[in-house]
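Student: Could you have a look at this structure, given as structure tokens, before my questions?
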Amino acid sequence: MNAKFFDVKKEKQDAIINAALKVFAENGYKKASTDVIVQTAGISKGLLFHYFTSKQGLYAFIFDYSVKYMTLELTQSVKKDENDFFEVQLMIEQARTRVMRNYPYMQQFLNGVRFEDHPEALEALGDQKGAMQAVYNGIYRQTDNARFKDYVEVGRVIQMISWMSEGFIRDRFHEGEVDLDAMNEEFGKYLMMLKKHLYNI
């Protein structure tokens, strides 16, 4: 990546980043079109490749940027002294919502990265494909899982919530304009419902 990209006005940087996030999130690496990205961002294809050299270079940058941005938001949002699993999960969802205010498709892009199998994309990701999962694993280690009922497998609960979150976000975006506050509040109700049924009273 050409470091001069960061000399561009932040508004233009975000336009390019958001265009790439949207196209990669909706299409995956193979079907993502740089023509659509530049059209969405309002720049020339020559300028895009001036900054990122290739589609693969752009993908590598977008992934690295997303991981760092999301990690920072999670680090700042999840209180390290909170050990209630569902309160921590609520903080995670609130962090994702805050990210979506600036980068609406960042979470969907990161969700899709887990299933990416195109050779160029995998080369761009290198050994960092599981970077976000490692961040989440670190957060979940601070929770007190003794509060769950004996039959509950916490790993399955985490996976179930992940599926819920991904589907919830995808459905809301398909509906059109997204009310992030309402979305966050509604998802919080699902989490509290799970807490009521899965915790020991």
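No lab work stands behind these numbers, since they all come straight from the coordinates. Please read these numbers as outputs of a predicted model, since none were measured by experiment. Note that each Cβ is placed from the backbone with ideal geometry, even for glycine, and that neighbours are counted across all protein chains shown.
Student: Once you have a ≥ b ≥ c as the square roots of the Cα gyration tensor eigenvalues for the chain, tell me rounded if a/c is under 1.5, and otherwise prolate or oblate according to whether a/b is larger than b/c.
Tutor: Prolate, because a/c is 1.5 or more and a/b exceeds b/c.
Student: Between residue 1 and residue 98, take the C-beta separation as r, use R0 = 22 Å, and let me know the FRET efficiency to the nearest 0.05.
Tutor: Efficiency at R0 = 22 Å is approximately 0.30.
Student: Could you pull out the trypsin sites (Lys or Arg not before Pro) across the stretch 119-148 that fall in loop regions by DSSP (anything but H, G, I, E, B) with no more than 13 other Cβ atoms inside 10 Å?
Tutor: Filter output for the stretch 119-148: 141.
Student: With a cut-off of at most 11 other beta carbons within 10 Å, and DSSP calling the residue loop, which trypsin sites (Lys or Arg not before Pro) in the stretch 1-74 qualify? Please list them.
Tutor: 9
Student: GNM on the chain, C-alpha springs below 10 Å: top fluctuator among 111, 137, 27?
Tutor: The residue that fluctuates most here is 137.
Student: Find how much the distance from residue 152 to residue 181 grows on full extension, using 0.36 nm per residue of separation minus their present alpha carbon separation; answer in nm with one decimal.
Tutor: In short, 7.4 nm is gained.
Student: For the stretch 56-112 and the stretch 119-159, what is the separation of their Cα centres, given in Å?
Tutor: 13 Å
Student: Put +1 on the Cβ of every Lys and Arg and -1 on every Asp and Glu Cβ in the chain; which of 100, 200, 1 then has its Cα farthest towards the positive end of the dipole?
Tutor: 1
Student: Please go through the residue pairs 79/149; 10/129; 68/129; 4/45; 129/195 and name each one whose alpha carbons sit more than 20 Å apart in this structure. Mind dumping the intermediate values first?
Tutor: Numbers: 79/149 24 Å; 10/129 27 Å; 68/129 13 Å; 4/45 16 Å; 129/195 31 Å.
Table pairs above 20 Å Cα-Cα are 79/149; 10/129; 129/195.
Student: About the Cα centre, and with charges only on the beta carbon of Lys, Arg (+1) and Asp, Glu (-1), how big is the dipole of the stretch 27-151? Nearest 20 debye, please.
Tutor: On the way: 15 positive and 15 negative charges, 58 e Å.
Roughly 280 debye, rounded to the nearest 20.
Student: Then there's this: With a point put 7 Å past each Cα toward its Cβ, work out how far residue 10 is from residue 27 in nm, to one decimal.
Tutor: Distance between the two pseudo-spin positions: 3.0 nm.
Student: I've got another one for you. Just rank 77, 33, fewest to most, by other beta-carbon atoms within 10 angstrom.
Tutor: By the 10 Å Cβ count, ascending, the order reads 33, 77.
Student: Nothing charged except the Cβ atoms of Lys and Arg (+1) and of Asp and Glu (-1): what's the magnitude of the dipole of the stretch 56-104 about its Cα centre? Round to the nearest 20 debye.
Tutor: That gives the stretch 56-104 a dipole magnitude of about 240 debye.
Student: Test of understanding: ordering 82, 73, 123 by Cβ neighbours within 10 Å, fewest first, what list do you get? Numbers along the way, then the final one.
Tutor: On the way: 82 15, 73 19, 123 11.
Fewest-to-most ranking of 82, 73, 123: 123, 82, 73.
Student: Taking a spot 7 Å from the Cα of residue 123 along the direction of its beta carbon, which residues of the stretch 36-61 have an amide N less than 15 Å from it?
Tutor: 53-61
Student: Sticking with this one: Under a 10 Å cutoff between Cα atoms, tell me which one of 183, 100, 160 has the largest fluctuation in the Gaussian network model of the chain.
Tutor: Fluctuation is largest for 160.
Student: Between residue 68 and residue 160, what is the FRET efficiency for a Förster distance of 25 Å, r being their Cβ-Cβ separation, to the nearest 0.05?
Tutor: 0.35
Student: What number, rounded to the nearest 500 deg cm²/dmol, is the helix-based mean residue ellipticity at 222 nm of the chain, given -39500 (n - 2.57) per DSSP H run of at least four residues and division by all its residues?
Tutor: That calculation yields -23000 deg cm²/dmol at 222 nm.
Student: Something else: Would you calculate the separation in nanometres between label points at residue 199 and residue 54, each defined as 7 Å from the Cα along the Cα-to-beta-carbon direction?
Tutor: Using points 7 Å along Cα→Cβ, the separation is 5.1 nm.
Student: Now for a separate question. Given points 7 Å out from each Cα along the Cα-Cβ axis, report the residue 171 to residue 45 separation in nanometres with one decimal.
Tutor: 3.9 nm
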